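> Handing you a structure now.
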Amino acid sequence: ISADFGTRPQMETQIAEVFPSLAEIRDALRNGPRWMKPRGAWVSKWFLPARAHVMPRPLGVVGIIVPWNYPLFMAAGPLAGALAAGCTMVLKPSEVAPLSAMLIAEILEEAGVPRGVFNLVNGDGASAGTAMASHPGIDAISFTGSTGAGIDVAIKAAPTVKRVGQEL
C-alpha cells in the first residue's frame, strides 16, 4: 500500500483502509450464510393462500472497478460480498494505484481462494473499465469513482442488461 502512496501517513492507511477492510471481511464471513439463505416473502391478500420465497443465487461474474484514493477499502466490500455470495470477480484498480490490488491478489491466493475465482485486470479506465462494463461475460459491475466515469460505465453496461451498483 505504501508503494502506491509514498507520502500517505501509515496511521491514515491503517484507519482508513486496513481496519475498515477487515471489518467488511468479518461482516461477510459472519453474515454471508444468512444473506444466501432462502426466506419467505410477503404475498398480497389477493393471492392467498399462495406463498412466496426468495431464493438467493450468486450473480455470476462481478466486475469491481475501484478508484485510486482508497483502493484497498473500496475493493474490500464488493470483494467480500461477492465471495460470500459465491460469485467470481474481476477487479480493475485505478491505473494510478495498482499495487494495492496486487497485494489483494496475493492475500486471496495465500488464503486458498481457487484460481479463477478472483481475477485482476490492470489498465486505464477508458480501455479496461469500458471493456469490463460492456463485456457480456460480466454479470454485474460495482463501480466507485467519478460521476463522468460512472455515466460511461452505465451506458456501456446497458446493452448487456447487467446490474450496476455505483458510488459516485
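The values are calculated or read from the model by the stated rules, or taken from the named source; none is laboratory data. Treat the numbers as computed from the prediction; the structure is a model and nothing was measured. Every residue, glycine among them, receives a Cβ derived from its backbone with ideal geometry; neighbour counts consider all protein chains shown. Protein only, heavy atoms only, side chains kept; ligands, DNA and RNA dropped before computing areas. Shrake-Rupley method; radii C 1.70, N 1.55, O 1.52, S 1.80 Å.
> Ordered by packing density, taken as the mean number of other Cβ atoms within 10 Å over each peptide's residues, highest first, how do 61-69, 7-15 rank?
Sorting 61-69, 7-15 by mean packing, highest first, produces 61-69, 7-15.
> Which net charge results when you count Lys and Arg as +1 and Asp and Glu as -1 among the other residues whose beta-carbon is under 15 Å from that of A140?
Net of charged neighbours comes to +3.
> Count charges around M55 for me, please; just the other residues with Cβ under 13 Å from its Cβ, Lys/Arg as +1, Asp/Glu as -1.
Its environment carries a net charge of +4.
> Just the ratio, please: alpha-carbon radius of gyration of region 1-117 over 2.2 N^0.38 Å, N its number of residues.
1.35
> Regarding region 49-168, what are the three Cα extents along the principal axes, ordered largest first, in Å?
57, 36, 22
> Another one. What are the semi-axes of the equivalent ellipsoid for region 1-46, taken as the square roots of 5 times the Cα gyration tensor eigenvalues, largest first, in whole Å? Before the final figure, lay out the partial values.
Details: eigenvalues 339, 26, 12 Å².
Square roots of five times the eigenvalues give 41, 11, 8 Å.
> With a cut-off of 8 Å between alpha carbons and a minimum separation of six or more residues, what is the relative contact order of region 95-168 in percent?
Relative contact order for region 95-168 comes out at 27 percent.
> Give me the net charge of L120's neighbourhood, meaning all other residues with Cβ under 14 Å from the Cβ of L120; Lys, Arg count +1, Asp, Glu -1.
So the environment of L120 carries a net charge of -1.
> Pick from K92, K45, K156: which is most flexible by mean-square fluctuation in a GNM of the chain where alpha carbon atoms under 10 Å apart are linked?
With Cα springs under 10 Å in the chain, the top fluctuation among K92, K45, K156 is at K45.
> In deg cm²/dmol and to the nearest 500, what is the mean residue ellipticity at 222 nm of the chain if only DSSP H runs of at least 4 residues count, each as -39500 (n - 2.57), divided by the residue total? Could the numbers behind the result be given before it?
Values: 6 runs with 63 residues, N = 168.
Using -39500 (n - 2.57) per qualifying helix, the result is -11000 deg cm²/dmol.
> Compare the peptides 72-82, 94-104 by average per-residue count of other Cβ atoms within 10 angstrom and give them in order, highest first.
Numbers: 72-82: 23.6, 94-104: 17.7.
Per-residue mean Cβ counts within 10 Å order the peptides as 72-82, 94-104.
> Percent antiparallel among DSSP beta bridges with both residues in the chain, to the nearest 5?
That works out to approximately 15 percent antiparallel.
> Kyte-Doolittle cut-off 0.5, length cut-off 18 Å along the helix's own axis using Cα: show which whole DSSP H helices in the chain pass.
Membrane-span-like by this rule: 71-84.
> If you roll a 1.4 Å probe over region 6-74 with all protein chains in place, what percent of the accessible area is carbon or sulfur?
On region 6-74, the fraction of accessible area on carbon and sulfur atoms equals 65 percent.
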